[in-house]
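Here is the structure we will look at, set down as structure tokens.
Rule-based calculations on the coordinates, nothing more; no lab input. Values in this document were obtained by computation on a predicted structure and should not be read as measured data. Don't worry about glycine lacking a Cβ; one is built from the backbone with ideal geometry, like all the others, and counts go over all protein chains shown.
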Amino acid sequence: MATNVRSGSTQQRTLMTYISGTLKGAGQVMFQGSAWTGLLILAGIFWGCYGPDGESMPLVAWGALTGLIVSTATGYIFESKSDGDQGLWGFNGILVGCAVFTFLGNTVWAWVAMILGSALTVIARRGLNNVFAPFNTTSYTFPFIVISWFILLSARMMGQLPPVSESIASLPTSVSPEHFTYTFGDLIIYWLKGISQVFLVNSWVTGIFFIVALALCSRWAAAWAMIASAVSLAVAIIFNADHADIVNGLFGFSPVLTGIAIGCTFYKPSVKSFFYALAAVVFTVFVQAGLDVFLSPVGIATLTAPFCIATWIFMLPMYKLNSKS
């Protein structure tokens, strides 16, 4: 009897550890290893996909949850337990789940591609981290980017992967010099959407969910998410960037990740690191615009590539700004 009790207790702890690691995977997209943060992020995703202020895209929410579960389970099979306890297997998988059903139609084979892609992010992360290790940095969300790009590109050649929401491949044109007037209320909504778009969700309420989720784990992370989204919005408006992208918060999500990474994750908050992170955030906006133009001829989204490129550039010098590493 005692053996059965111990066995049941061990299984319960194992299940709770798996659930905790899975939820942390959602939080780790924004560098937060907290199950509560991850749970609130998932709640924000579902609100944004079902709520009245979102775009009614329930598949994105279910894709996110499935990708998170699949990538975490794959990690338990192939990877070390310590990474799983920190949620480091799930953050690329959840983003693949978001991306696939943001841009592709709902078919059985789209689900198969998404599940396969989410699982492969675990393997890609290990390989890419090995590549970046000599440079004292990591792959960040690059496994998600590479795998999602190939799935989205293959949709142009595979009838079972309908690219219903992908951009039409075209050469970029110049932006109209027309200047728009924004009310304070508009700016608040676009600012919050810049945070929600980290998970490809177009909802200002979801942005509030994410800020609260970050604050539960790190007030610095919440502060940098808000600062980075505000700064990127200001830069986009000042330089008269594409109006539709401003309205939908599409200049904010990569700078938000850059701000959290440089501002308080890999460097301790200080006056020097603040201005260094601020420069990285501003630069990310230009990388975003540049990659939008670069990828227009193939009609795929930049995803979080601007964040990765800008963060690598600002991490590779390895300046001693009270570095945590």
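Considering the chain as a Gaussian network with a 10 Å cut-off on Cα pairs, which listed residue, Ala310, Ala119, Ala215, attains the greatest mean-square fluctuation? Sorting by GNM fluctuation, first place goes to Ala215. Taking label positions 7 Å along the Cα-Cβ direction at both Asn129 and Phe184, the computed distance is 4.6 nm, reported to one decimal.
Can you give me the angle between helix 2-28 and the longest principal axis of the chain, using Cα atoms only, in degrees from 0 to 90, rounded to the nearest 10? With both axes taken from Cα atoms, the answer is about 10 degrees.
Estimate the FRET efficiency between Val108 and Leu171 by the formula 1/(1 + (r/R0)^6), using the beta-carbon distance for r and 51 Å for R0, to the nearest 0.05.
0.90
Shape annotation for segment 126-203: C-alpha extents along the principal axes are 48, 39, 26 Å, from largest to smallest. Computed from Cα positions, the angle between helix 204-217 and the longest principal axis of the chain comes to roughly 50 degrees.
Packing order of peptides 131-138, 206-213, 108-115, 192-199, highest average first: 192-199, 206-213, 108-115, 131-138 (average count of other Cβ atoms within 10 Å over each peptide's residues). Could you give the angle, 0 to 90 degrees to the nearest 10, between helix 35-50's Cα long axis and the longest principal axis of the Cα atoms of the chain? The angle comes out near 50 degrees. Amide hydrogen proximity for Tyr267: with H placed 1.01 Å from N in the peptide plane, the residues at 5 or more positions away or on another chain lying under 5 Å are Lys324. May I have the pair-distance distribution P(r) for segment 73-197, computed from all Cα-Cα distances with 10 Å bins from 0 and rounded to whole percent? Computed distribution, short to long bins: 11, 30, 29, 21, 8, 1. Going from the fewest other Cβ atoms within 10 Å to the most, the residues His243, His179 appear in the order His179, His243.
Neighbour counts of C-beta atoms inside 10 Å place Thr72, Thr102 in the sequence Thr102, Thr72, starting with the fewest.
Taking 0.36 nm per residue of sequence separation and removing the Cα-Cα distance, the Tyr50/Val271 pair yields an extension gain of 75.5 nm. For the chain, a simple Cβ point-charge model (Lys and Arg +1, Asp and Glu -1, everything else neutral) yields a dipole of about 1160 debye relative to the Cα centre.
By the equivalent-ellipsoid construction on the alpha carbon gyration tensor, segment 15-159 comes out with semi-axes of 23, 20, 13 Å, ordered largest to smallest. Computed on the Cα atoms alone, the convex hull of the chain gives a volume of 146 cubic angstrom per residue. The length gained by stretching the chain between Thr14 and Val212 to full extension, at 0.36 nm per residue less their Cα-Cα distance, is 68.4 nm. With neighbours defined as other Cβ atoms within 10 Å of a residue's Cβ, the residues Ser20, Ser71, Ser270 order from fewest to most as Ser270, Ser20, Ser71. For the pair Leu153 and Lys320, the difference between a 0.36 nm per residue extended length and the Cα-Cα distance amounts to 56.1 nm.
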